[in-house]
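Trainee: Below you'll find the structure I mean.
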Amino acid sequence: MSLRTRVNGFTAWINLRLREYNVSLSNVMLDLMSGTNLKTLVESMTGRDISNVQSLEGLTQQQKVTRAEWIVRELKQCNVIPPDTFIDARLFAMRSADHVFDLLWRLVCHDIWFVWERAEYLQHNNPGVLVQAPFKWIPNKIKGKSGKSKKKADTSLLAGFGGGSASSSPQPRSSSSVAVVWPDSDLFKSYKTKLPDKAKYPKADECILELINAHLKKTQEGQKLSVVRVEDMADHRVLCCLVNSFVPFTFTSEVLPNDRWTINICLDTINKMFYGESSFTSADLVEGDPMAVCAYFCYFFMIAYKYRQAKSVADRIDSIHQMIRECDHELSQIPPKTEDSIQQRQHNELQQKIDKLKAEIATIEGKFDVAHCRNWVDHVILTQREVHKSIRSKIAKRFDTVEVPRSISINDLSLAMNINLSLTSGTAFYLSTDKEPCSEYRKIVLRNKETQEYIDDFTARNKEPIRKILGLRLFDVVDVVPADFPQYDFFFEAPSRNKVLKSGAIMLYQVFPGNHIGWHRQCLKSIKENEVDTVKNMITFFKTQLSFINATESSTGNTALHCACKLGCYSIALFLLEHGANINARNNYRQTPLFSAVEGMQRKICNLLIEWGCDVNIRSVRGTTAFESIKNDDFRDHLTNKYERFASLVPKITDGDSETLKLMIKEHVSGLQPLCTLRSRCINGSTLLHTAAYFGSVPLVKSLLSHKVDVNLTDYKGATALHRVRNSECMKALIDTGALVNISDDEGNSPLHVKCFGETNKPSEIDCIEMLIKDRARLVARNHRKLMPAHCCAMQGRIDALELLLKHGDKEIREALEKEEESTPPSLIHLAIANDHLACAKWLAERNFSLKDTEADFLVEKVLTETIKSNEQAAVLAFLFECGATVNPTFPGGNTALHFAAMMPGTTDVLELLLSHGADINAPNSEYSTPLFFSCQANNMFSASILLARGADYRMKNNKGLTALDYINDFDEWIESGFFTDEIVTRLKAYSLKHSRDLVRAIGHKVLSGHTANSKGMTKTLNVSKSLLRPISPHPLPPKAGRPVYITKSLPALLPLPPLPAKKYPEVLPNGGYLMF
């Protein structure tokens, strides 16, 4: 037994008990006897104030012994420990580990039996049952104070010496015995079948095993497991199934290895989800000390049952509100004043039912903190997402490291810490900074010190050899010196499992494989064995990677959907389709899943595939379609008729024919033309419910919901009907039926995101936004691009929607914005400017919203380069200067704002604005070209005239030795324009004469050198001469109509905007509507 293991196990349990008193221990052996911790623990067990025991600090050893005797007597009087229990108070006061843990173990046993008695009630599946009484392990306070017992306990002659100190000696029951008052104890125990007398209770460890096995049976995979010993709990599948029994789909044990890393992430997740405090690790679990493991699982079940009840409270409150809404709806159908006795009776019954439901809500709220329960459920959901993210991150990294606690061989370390070395054939790697000889077969793993990325050449095919990366010989033995490569950490393969690693050394091993091939094979095997839950777990875990769900068998090319369709696994096929399986994927014979369903004569699945829009015209390698390969005429005619029906109805519905939609629903309800399931995305990726919500048809929506359609059903984008709805009446019908207002689609957008974004060039849906806010939609929820609903409003310039959001959550929104990173997401003003909503940007600025540090200069560049399109560039730039943008920023290539403004076609408002703000008129870029160069190269005479009038130096030369005027294309046009002063006109004439003379000299040089050119050749010579005189940029900006633009080569390519949410329109329904970002 390791002292560390017991300390970790008992500390987890004791911290849970002391949480209500805001007390937390880091080490039970060190902290239990400090202050009033021991007194607080005993009071949490008995519910009585021990007035004669206070702090143990500053007491003599004898005084501590006396108080220990009082504490033991108090526990006996309250029947927390049996009256015949003997604890050596002297050794306990001296902090003898055996005696401290002996007393703590008896207290843990008390809590284990306490939970075991109430387990059937706490495992009940009906939330209405679970909310009858709060689950508490702190007894009700007992009036009166405890006193000293007048009878002395018998002591063993060997007390305090060796094993005799732990012996049990019968003690007489105190005359002051007081029963502990547990709240609602009879109610809890009434659900326990055949509850024996307390003297016949099973042992504590047997109770723990019984609780574990009961919860394993609640999951499909757990039904194959059985825990018969404490040592069996070190199996990662046991922990995964236990957590999943309380929070489904948290762990996919089929993906996770049986390794210390998996066990540790399970234990960490328990702490994070349930607000626990525990240092219990995989090493403690592997050691298998019964007392420590049972103490930890006592802590686990106590806190997990507490969460289960909290979730039941939230679920029950929601279900009651749903029933009240349904009753209100039925009441609204009955006239308020009716003389019909039947209607009057119905009205009274409904009203009584509503009153009863409201009374139940009041009762629940009196027993539980409903807000805390809801927050806890939300916290668990967020933690679950973080856990999935951590697992995916580790899968990408593949490796994990372990610090060696003491000098030990790799083999012994693997056994002690449950390290799985199967992926590296039983070997491991160790960190070394010394020179190591490496043969061509010895493996090396590098770790980039900056990115912490692992680099190897053996976890997947076609990887670049490590030796090649390091510039070493690919073959033969070479000496690797890590000091020569300071950017990497070097992990060398150990020669054998018997290599001894020193204390503090770092060992590395592979946790996950480098590809998904093994997992995909396991998924296909589960499909063939019709293990629905296993398939769902794996597909859900890899839902962000479509490559997994659409992966193929190497021999046949079949996907998971092919296999499910051929074998008739309808529920699996539907689940695969709902999670993005390619319905038209082709195998090696170019056959789609429809071919597989036809081959297996699976009529229901064939109907399902047709409803989901499969392509029936695809031909296999034999040149036949799926329908042509059917030999049964009735089967072929049935599928052909079904396809032709959908081919005629879907286009009409897509074009907005609500009557056709109504007909399809009516035929399904009547059974005339039923669908396989109302979950089918039969309207170009949307279900009937989504389509009805989009059209705003309240009767159709209610009709579908009355037939038990899931109101939170998702479409091909992961959006619910609440995302698609376009009017408040239909939205109210959905919310009244239980639509989740904070549910996210595949891009993380909540319905509030969608409504705040709205439809382009259409008014804001203020009534819908207000309804969502009233139903507790989260104002600061972020999508996958880290955008909140306020960001979506700014993107569309919706000032009215922003006003509404700030009215309901100004402080909350501002605090969330202040916590944002500098890089992402963009500020509200940034998004408004980037989408050409200057009025919205000004409105935000007036309310003290601001740009982030570098955004102003960034936006100036994008406006000037017309990456951001704006009809009022000068006004936008003036606003940006007011927001702190610099007038002379330096952009790539050394260009300033004035360089870009100088070549802009059209009006010169921007140019004059920059000059009025003090822009440097002669600022050179990296090629020593001033803004005047850009005007001349762009043939922008008006801009050039303004620059010259403001004092631009036309004598400055660039790094090619040319002045700005050398880049003019047509001097005559510039001279006759009338834009320039007489001095400049004279200078232009001189440059024109100089260019003519240079051209004549070039031609003469060709003639004198004996190169006689024909007319075609002369034209080519002239063009070459002109190109030599005027270098043309490969990156011209949009020219004026009918006029060429010439730009110097020094102008850099324009940089794109940072990733901003793009406005994407739906592929499903016409005329705008649901917009994705």
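The values are calculated or read from the model by the stated rules, or taken from the named source; none is laboratory data. Keep in mind the model is a prediction, meaning the values are calculated, not measured. Note: ideal-geometry Cβ built from the backbone for every residue, glycine included; neighbour counts use all protein chains shown.
Trainee: Out of (1) surrounded by fewer than 19 Cβ atoms within 10 Å (Cβ to Cβ); (2) under 27 Å from the mean Cα position of the chain (by Cα); (3) in a helix (DSSP H, G or I), the odd one out for Glu231 is which?
Mentor: Evaluating Glu231 over (1) surrounded by fewer than 19 Cβ atoms within 10 Å (Cβ to Cβ); (2) under 27 Å from the mean Cα position of the chain (by Cα); (3) in a helix (DSSP H, G or I) leaves (2) as the failure.
Trainee: Restricting to segment 197-228, and then to whatever is of a type in the set (S, T, N, Q) and in a helix (DSSP H, G or I), can you tell me which residue is surrounded by the fewest Cβ atoms within 10 Å (Cβ to Cβ)? Let's see the steps before the verdict.
Mentor: First, pick out the residues of segment 197-228 that are of a type in the set (S, T, N, Q): 213, 219-220, 223, 226.
Checking which are in a helix (DSSP H, G or I) leaves us with 213, 223.
Details: Asn213: 15, Gln223: 12.
The qualifying residue surrounded by the fewest Cβ atoms within 10 Å (Cβ to Cβ) is Gln223.
Trainee: Among the listed residues Leu649, Leu675, Leu688, Leu705, identify the single one that is under 25 Å from His329 (Cα atoms), buried (at least 16 other Cβ atoms within 10 Å of the Cβ) and at pLDDT 90 or above.
Mentor: Answer to the check: Leu688.
Trainee: Related question: Just one of Phe475, Phe491, Phe512 is loosely packed, with under 15 Cβ neighbours inside 10 Å and among the aromatic types (Phe, Trp, Tyr); which is it? Break it down into steps so the answer makes sense when it comes.
Mentor: Working: Phe491 fails: loosely packed, with under 15 Cβ neighbours inside 10 Å; Phe512 fails: loosely packed, with under 15 Cβ neighbours inside 10 Å.
Selected residue: Phe475, the only one of Phe475, Phe491, Phe512 that is loosely packed, with under 15 Cβ neighbours inside 10 Å and among the aromatic types (Phe, Trp, Tyr).
Trainee: Moving to a separate point now. Mind listing whichever residues of segment 431-446 are hydroxyl-bearing (Ser, Thr, Tyr) and more than 11 Å from Pro495 (Cβ to Cβ)?
Mentor: Residues satisfying the conditions are Ser432, Thr433, Tyr441.
Trainee: Do we find a residue being without any contact (Cβ under 8 Å) to a residue 40 or more places away in the chain, touching a Gly at 6+ places or on another chain (Cβ under 9 Å), surrounded by 15 or more Cβ atoms within 10 Å (Cβ to Cβ) and part of a loop (DSSP other than H, G, I, E, B) anywhere in segment 601-614?
Mentor: Yes, there is a match, as at least one residue in segment 601-614 is without any contact (Cβ under 8 Å) to a residue 40 or more places away in the chain, touching a Gly at 6+ places or on another chain (Cβ under 9 Å), surrounded by 15 or more Cβ atoms within 10 Å (Cβ to Cβ) and part of a loop (DSSP other than H, G, I, E, B).
Trainee: Being polar (S, T, N, Q) and touching a Cys at 6+ places or on another chain (Cβ under 7 Å) is the filter here, so list the residues in segment 599-650 that pass it.
Mentor: Gln602, Asn607
Trainee: Considering Asn959, Asn922, which residue is polar (S, T, N, Q), at pLDDT 90 or above and surrounded by fewer than 20 Cβ atoms within 10 Å (Cβ to Cβ)?
Mentor: Just a single option satisfies the conditions, and that option is Asn922.
Trainee: Okay, moving on. If you scan segment 774-825, which residues turn out to be assigned to a helix (DSSP H, G or I), over 21 Å from the mean Cα position of the chain (by Cα) and crowded, with 22+ Cβ neighbours inside 10 Å?
Mentor: Cys793, Ala794, Met795, Gln796, Ala801, Leu802, Leu805
Trainee: How many residues does segment 580-600 hold that are touching a Ser or Thr at 6+ places or on another chain (Cβ under 8 Å) and assigned to a loop (DSSP other than H, G, I, E, B)?
Mentor: So the count comes out to 11.
Trainee: On the given criteria, is Asn420 crowded, with 17+ Cβ neighbours inside 10 Å and either in a loop (DSSP other than H, G, I, E, B) or modelled with pLDDT under 90 (or both)?
Mentor: It is true that Asn420 is crowded, with 17+ Cβ neighbours inside 10 Å and either in a loop (DSSP other than H, G, I, E, B) or modelled with pLDDT under 90 (or both).
Trainee: Here is a follow-up. Kindly list the number of the only condition in (1) at pLDDT below 90; (2) farther than 18 Å from Arg950 by Cβ that fails for Ala897.
Mentor: (2)
Trainee: Can you give me the number of residues within segment 843-856 that are over 14 Å from Pro825 (Cα atoms) and either surrounded by fewer than 18 Cβ atoms within 10 Å (Cβ to Cβ) or out of contact with any helix residue (DSSP H, G or I) (no Cβ under 9 Å at 6 or more places or on another chain) (or both)?
Mentor: Residues in segment 843-856 being over 14 Å from Pro825 (Cα atoms) and either surrounded by fewer than 18 Cβ atoms within 10 Å (Cβ to Cβ) or out of contact with any helix residue (DSSP H, G or I) (no Cβ under 9 Å at 6 or more places or on another chain) (or both): 4 in total.
Trainee: Could I ask something else about it? Criterion first (over 23 Å from Ala885 (Cα atoms) and polar (S, T, N, Q)) does Ser935 satisfy it?
Mentor: When the stated conditions are applied, Ser935 passes them.
Trainee: Which condition number in (1) among the small types (Gly, Ala, Ser); (2) buried (at least 21 other Cβ atoms within 10 Å of the Cβ); (3) assigned to a helix (DSSP H, G or I) is the one that Ser245 fails?
Mentor: Exception for Ser245: condition (2).
Trainee: Out of all the residues in segment 397-416, is one or more more than 21 Å from His516 (Cα to Cα), assigned to a strand (DSSP E or B) and of a type in the set (A, V, I, L, M)?
Mentor: Yes: segment 397-416 contains one or more residues that are more than 21 Å from His516 (Cα to Cα), assigned to a strand (DSSP E or B) and of a type in the set (A, V, I, L, M).
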